[in-house]
Amino acid sequence: MSDLTIINHNDQRVLTTSQLAESFGSESKVINRNFQRNSDRYTHGKHYFALTGESLKDFKGSRQLDDTLKYTSVLYLWTEKGAWLHAKSLNTDEAWDAYEMLVDEYYNVKEQQQPQSLEIALQAALEHEREIKTIKSDVNYLKDSMRVDSLQQQEIQQAAKYSVVQALGGGDSAAYHEMSKRVFSAFWREFKQYFKVPRYGDIPKAKFEEAIRFVELWRPNTSLQIEIDHCNSQMSLT
């Protein structure tokens, strides 16, 4: 984050849409689209500033802008709170990690200010520390509660299929042809009971590795295993 061009507006640090998109590993058009879809959640002056007319002209004249911004008629500048809402919309690990880094290394790196009383400075520092802890706690909660994505769901499903088929004695076994539906049902019932979810797609990302481990270690219970063995042995005797 140290290579970001510092932009100050209304006595606080802000980022352009392109800076925010690059930091979050996204694209400006995605940031703009998320803003348009959730514009009612954003407050001008709190989450962002929209520069137009003379204010935009003054802003352009006071700094070197990249070519994509030279001819824009509206320039959005995102505050720390605005960046939080965008990270929430993207809801990816990369965006949340980048947001935490922006808070620590960009937004809250204060410019050198005039000396103030020690008491006021300490109060401000304590309040700031409380805000940072609250933000990081919220970020960690959201990251921990994110559900597994479609690729992870597919990986769980494929691993489950392999584990159950192996437990049945293979895809050509008698048990597979006669009992596969029951055994698959037993597997998913135990899986959802263990993770306390109504469907496997509701597992938090944080428990993905544990889910794969569960699948790999799963075996039918004793009575079901006896039925599988009996079914396969009967086939071998014929």
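Tell me which residues, restricted to region 170-193, are touching a helix residue (DSSP H, G or I) at 6+ places or on another chain (Cβ under 7 Å) and either of a type in the set (S, T, N, Q) or not assigned by TED's automatic domain parsing to the domain that holds ALA160 (or both).
Result: SER173, single match.
Kindly indicate whether any position in region 45-55 is under 21 Å from TYR106 (Cα atoms) and surrounded by fewer than 10 Cβ atoms within 10 Å (Cβ to Cβ).
yes
Just to be sure I understand, how many residues within region 1-36 are in contact with a helix residue (DSSP H, G or I) (Cβ under 8 Å, 6 or more places away or on another chain) and part of a helix (DSSP H, G or I)?
Here the count works out to 11.
Quick one: which residue in GLU105, GLU111 is within 22 Å of ASP11 (Cβ to Cβ), loosely packed, with under 13 Cβ neighbours inside 10 Å and modelled with pLDDT of 70 or more? Step through it out loud before you land on a result.
On the way: GLU111 fails: modelled with pLDDT of 70 or more.
The unique qualifying residue is GLU105.
Residues of region 20-31 being out of contact with any Asp or Glu (no Cβ under 8 Å at 6 or more places or on another chain), in contact (Cβ under 8 Å) with a residue 40 or more places away in the chain and either surrounded by fewer than 16 Cβ atoms within 10 Å (Cβ to Cβ) or not small (Gly, Ala, Ser) (or both), which ones?
LEU20, VAL30, ILE31
Of the residues PRO220, PRO204, which is touching a residue at least 60 places away in the same chain (Cβ under 8 Å) and either buried (at least 16 other Cβ atoms within 10 Å of the Cβ) or more than 16 Å from SER163 (Cα to Cα) (or both)? Can you show your working first?
Working: PRO220 fails: touching a residue at least 60 places away in the same chain (Cβ under 8 Å).
Going through PRO220, PRO204 in turn, the sole match is PRO204.
Does LEU77 meet the test of being out of contact with any strand residue (DSSP E or B) (no Cβ under 9 Å at 6 or more places or on another chain) and either loosely packed, with under 13 Cβ neighbours inside 10 Å or modelled with pLDDT of 85 or more (or both)? Explain how you work it out, then say what you get.
Numbers: out of contact with any strand residue (DSSP E or B) (no Cβ under 9 Å at 6 or more places or on another chain): no; either loosely packed, with under 13 Cβ neighbours inside 10 Å or modelled with pLDDT of 85 or more (or both): yes.
Spelling it out, it is not the case that LEU77 is out of contact with any strand residue (DSSP E or B) (no Cβ under 9 Å at 6 or more places or on another chain) and either loosely packed, with under 13 Cβ neighbours inside 10 Å or modelled with pLDDT of 85 or more (or both).
The values are calculated or read from the model by the stated rules, or taken from the named source; none is laboratory data. None of the values given here were measured: they were computed from a predicted structure. All Cβ positions, glycine included, derive from the backbone under ideal geometry; neighbour counts span all protein chains shown.
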